[in-house]
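The values are calculated or read from the model by the stated rules, or taken from the named source; none is laboratory data. Since this is a predicted model, take the numbers as computed values, not measurements. Positions of Cβ are generated from backbone atoms using ideal geometry, with glycine treated the same way; all protein chains shown enter the neighbour counts. Each accessible area value is taken on the protein alone, full model and side chains, heavy atoms only, with ligands, DNA and RNA left out. Shrake-Rupley method; radii C 1.70, N 1.55, O 1.52, S 1.80 Å.
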Amino acid sequence: MFDLIFKNACIIDGTGKPPFYGDLAIKDNIIVDRGKNLGSAKNVIDAEGKFLTPGFIDTHTHYDAQLTWDPWALPSPCLGVTTLFIGNCGFTIAPCKPEHRDLTLRNLTNVEGMSLEALRQGVEWNFETFPEYLNYLEQRGLGPNIAAYIGHSSIRVYAMGEEATNRSANQDEIKIMQDIVHESMTCGAIGFATSTFEGHNGENGIPMPSRLAEHKEMISLIKSMSLSGRGVFMLTKGLDTPIKTIKDWMQGTNRPAVVAALLHNPMFPNAMDKQVQSIKNATDEGIEMWGQVSCRPLTMEFTMKSPYLFEGFSSWKIAMQAANEEKYAEVLKSTELRQNMKEELADPKRVRLFNDNWDEVIVRTVKNDKYNKFEGKNLKQIASEEGMHAFDWLLDHALSEGGMETEFIVYLLNKDKSAVGRLLKSENTTISLSDAGAHQTFFCDAGYGLYMLDNWVKKSNLMSIEEAVYRLTGKQADIYRIDQRGRLVPGQYADILLIDKDKVGVTEPYKVNDLPGGAVRLTVDSIGLDGVWINGKRVVQNGSLVDRKNLSGHLIRAFHA
Ligand SMILES: [Zn+2]
């Protein structure tokens, strides 16, 4: 007698092979059989007219802090994600000494756009070390399955204190960090994550600690990871970290490297194709490498209180350093800042988030009724109507009454269909970058998996549904060496999605204020996702959680080599 049988499903099993009709049987939390007439079960689900697929494996999220108050990592499981990775880019909350807690939260506020109030109210500091953090999550319980990176910026602050953000590490400090990486790998980290990306800045624009690491520090820490014989090196790379450098770092480790974030930029139409080619070359030469790409256009909603799109600009640093609102307003007035920013914006040498394309910045909603006429218009239009540079208009507007509250949306990257299609189809890329749990007031891409099936399979016909499902599930499990997940075959954990064959996707984003202290986040709902099972337990029905207390997720600690 099985616990559960899905009958007459159109099974897309995550191996990449074409869909087929059949039944799937589950006992306890494991898929035990598939085929026809399998026998009886306590619970039978008629899956006629539905796809049955493995749950999505979201390899790039930032739920590290949220998981301490929300074991479900909402909204991801409601959007078909059954396994997710935390600690990406090296921004973790463990290890963390008590005296560095507030610094850690203030950095997260800036680098990952999280509400400081929500973090201060929400984070449960029941741990200091990384093993303690994992034990805490496991004992408290988890909605989805979680795998965690040990994060470079956190271990740097642990070893060096506040100086982690302003100097290179000495040999003793590197040794402390190496020991932490080793300990973390032994207790179940999925790998070691870091960032050299110029847009990753903590409080007051101070670079995130990992950006200060010299080559020898990087090499030492990657080596520590590899000593365990397991582990993935994850890097969000900056302009000064070419693929060749990463290749040098990985030399002799026999471990894979995952490189983020390969987003298409119209100013440099072939830059990402070249990176993918370098990644392919490295892999062909024996250094396994994967490019992390996104199936979503990168859009951001923002106000001028915290315009993330400018943070990669060196001229904007002075604005990020402003200690309070008054000082910030003064900086926005300064002609020097405006001049420098305009020059930097006009200089197309460097790849970055925003490239002077003001027609992609749109006024969404205004607070002050006086400005109603601007709603829905882009800044290029407005600037030409007002006879001024768009950047001046933006800053003047911010300084006017209620202007700091005006909400903008900007289409930053990854908009070109054929270019993004090439990245998604490459053999050397991995589809990810939802950034779920971060930037929650700017965008919500947690539903990227359903969007992939809707936009790139149904609407654009870029690839077959079995290929898309494979890339979102089985291929992820393979790249990251996760056992028994990512495929609907006997012996695997029952992480399963039941999806309407005719309609699948996500809604437009909308706001909810359910973060600690009532802070706002953007979220989306699923379309056509009838059910989600995690380790054999049904956790989502018609888009909503079945029972918040039903924490069936596992902390994944074992990975193969
Ligand atoms: Zn990230």
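With every protein chain left in place, what is the accessible area per residue of the chain in square angstrom, probe 1.4 Å?
Details: 21060 Å² over 561 residues.
Heavy-atom SASA per residue in the chain reads 38 Å².
Shape verdict for the stretch 47-141, please, from the Cα gyration tensor: rounded (a/c under 1.5), prolate (a/b greater than b/c) or oblate. Mind dumping the intermediate values first?
Details: a/c = 2.46, a/b = 1.97, b/c = 1.25.
Prolate, since a/c reaches 1.5 and a/b exceeds b/c.
Take the alpha-carbon centre of the stretch 79-144, take the same for the stretch 257-319, and report the distance between them in whole Å.
24 Å
In the stretch 18-79, with Lys and Arg counted as +1 and Asp and Glu as -1 at Cβ, which of these residues, Ile30, Thr59, Phe20, has the Cα nearest the positive end of the dipole, that is, farthest along it?
Phe20
Assigning unit charges at the beta carbon (Lys, Arg +1; Asp, Glu -1) and nothing else, what dipole magnitude in debye, to the nearest 20, does the chain show about its Cα centre?
It works out to roughly 1320 debye.
Taking only the C-alpha atoms, wrap a convex hull around the stretch 381-473 and report its volume per residue in Å³ as a whole number.
Details: hull volume 13.4 nm³, N = 93.
In the stretch 381-473, the Cα hull volume divided by residue count equals 144 Å³.
Given a 1.4 Å probe and the protein chains all in place, what does the accessible area of Thr299 round to, in Å² to the nearest 10?
30 Å²
Rounded to a whole number, what is D in µm²/s for the stretch 198-248 from Stokes-Einstein with the Kirkwood radius over alpha-carbon pairs (37 °C, 0.692 mPa s)? Don't skip to the answer; put the middle values down first.
Working: Rh = 12.4 Å.
Approximately 265 µm²/s, per Stokes-Einstein.
Would you kindly find the accessible area of His397, with a 1.4 Å probe and non-protein molecules such as ligands, DNA and RNA excluded, rounding to the nearest 10 Å²?
In the full protein context, His397 sits at about 10 Å².
In whole percent, and with a 1.4 Å probe on the protein chains, what portion of the accessible area of the stretch 304-412 is carbon and sulfur?
On the way: 2540 of 5520 Å².
Its accessible area is 46 percent carbon and sulfur atoms.
When N is the residue count of the stretch 148-300, what does its C-alpha Rg come to as a fraction of 2.2 N^0.38 Å? Mind dumping the intermediate values first?
Values: Rg = 15.5 Å, N = 153, 2.2 N^0.38 = 14.9 Å.
That ratio works out to 1.04.
Using amide H atoms built in the peptide plane, which far-off residues or other-chain residues are under 5 Å from Gly553 H to H?
Residues meeting the amide H criterion: Leu142, Gly143.
How big is the gap, in Å, between the Cα center of the stretch 334-391 and the Cα center of the stretch 217-235?
Each part's Cα centre sits 42 Å from the other's.
Quick one: which residues, 5 or more positions from Leu412 or on another chain, have an amide H under 5 Å from its amide H? H modelled 1.01 Å from N in the peptide plane, none for Pro or chain starts.
Residues meeting the criterion, in which the H sits 1.01 Å from N, are Leu298, Thr299, Met300.
Quick one: check the C-alpha center-to-center distance for the stretch 1-38 versus the stretch 412-450, whole angstrom.
About 30 Å separates the Cα centre of the stretch 1-38 from the one of the stretch 412-450.
List the equivalent ellipsoid semi-axes of the chain in whole Å, largest first, each obtained as the square root of 5λ for an eigenvalue λ of the Cα gyration tensor.
Numbers: eigenvalues 280, 160, 104 Å².
Equivalent-ellipsoid dimensions as semi-axes: 37, 28, 23 Å.
Out of the DSSP beta bridges found with both residues in the chain, what percent are antiparallel (nearest 5)? Before the final figure, lay out each step's value.
On the way: 45 of 80 bridges.
Restricted to the chain, the bridges split so that about 55 percent are antiparallel.
Two decimals is fine: what's Rg over Rh for the stretch 419-561, C-alpha atoms, Kirkwood radius as Rh? Numbers along the way, then the final one.
Details: Rg = 16.1 Å, Rh = 16.8 Å.
Looking at the stretch 419-561, the ratio lands at 0.96.
Heavy atoms only, probe 1.4 angstrom, no DNA, RNA or ligands counted: give me Asp102, Asp495, Asp3 ranked by accessible area, highest first. Can you show the working numbers first?
Details: Asp102 60, Asp495 10, Asp3 35 Å².
Descending order: Asp102, Asp3, Asp495.
Give a quick list of trypsin sites (Lys or Arg not before Pro) in the stretch 312-354 that DSSP marks as loop, anything other than H, G, I, E or B, with at most 10 other Cβ atoms within 10 Å.
Working: sites: Lys317, Lys327, Lys333, Arg338, Lys342, Lys349, Arg350, Arg352; in loops: Lys349, Arg350, Arg352.
Passing sites in the stretch 312-354 are Lys349.
Just subtract the alpha-carbon distance of Asn126 and His560 from 0.36 nm times their residue separation and send over the number in nm, one decimal. Each step should come with its number before you reach the end.
Working: separation 434, 0.36 × 434 = 156.24 nm, distance 2.95 nm.
That works out to 153.3 nm of additional length.
How much of the accessible area of the stretch 423-561, probe 1.4 Å, is carbon plus sulfur, in whole percent? Walk me through the numbers before you get to the answer.
On the way: 2290 of 4930 Å².
Ligands and nucleic acids excluded, carbon and sulfur reach 46 percent.
At most 12 other Cβ atoms within 10 Å and a DSSP loop assignment: could you name the trypsin sites (Lys or Arg not before Pro) in the stretch 142-192 that fit?
Working: sites: Arg156, Arg167, Lys175; in loops: Arg167.
Answer by residue number: Arg167.
May I ask for the Kirkwood hydrodynamic radius of the stretch 420-471, worked out over all distinct Cα pairs and given in angstroms to one decimal? Could the numbers behind the result be given before it?
Values: mean 1/r = 0.0847 Å⁻¹.
For the stretch 420-471, inverting the mean 1/r across all distinct Cα pairs yields 11.8 Å.
Rounded to two decimals, what ratio of Rg to Rh does the stretch 456-535 give with C-alpha atoms and a Kirkwood Rh?
Values: Rg = 15.9 Å, Rh = 15.1 Å.
On the Cα set of the stretch 456-535, Rg over Rh gives 1.05.
Express the relative contact order of the stretch 43-125 as a whole percentage, based on alpha carbon pairs under 8 Å and six or more residues apart in sequence. Before the final figure, lay out the partial values.
Numbers: 69 pairs, mean separation 27.0, N = 83.
Across the stretch 43-125, relative contact order equals 32 percent.
In whole percent, what relative contact order does the stretch 304-412 give with Cα contacts below 8 Å and a gap of six or more residues?
RCO, the stretch 304-412: 29 percent.
Find the Cα radius of gyration of the stretch 304-412, compare it with 2.2 N^0.38 Å by division, and give the number to two decimals.
1.01
Extending each Cα 7 Å along its Cβ direction at Glu163 and Asp483, get the distance between those two points in nm, one decimal.
Label at Glu163, label at Asp483, 4.3 nm between them.
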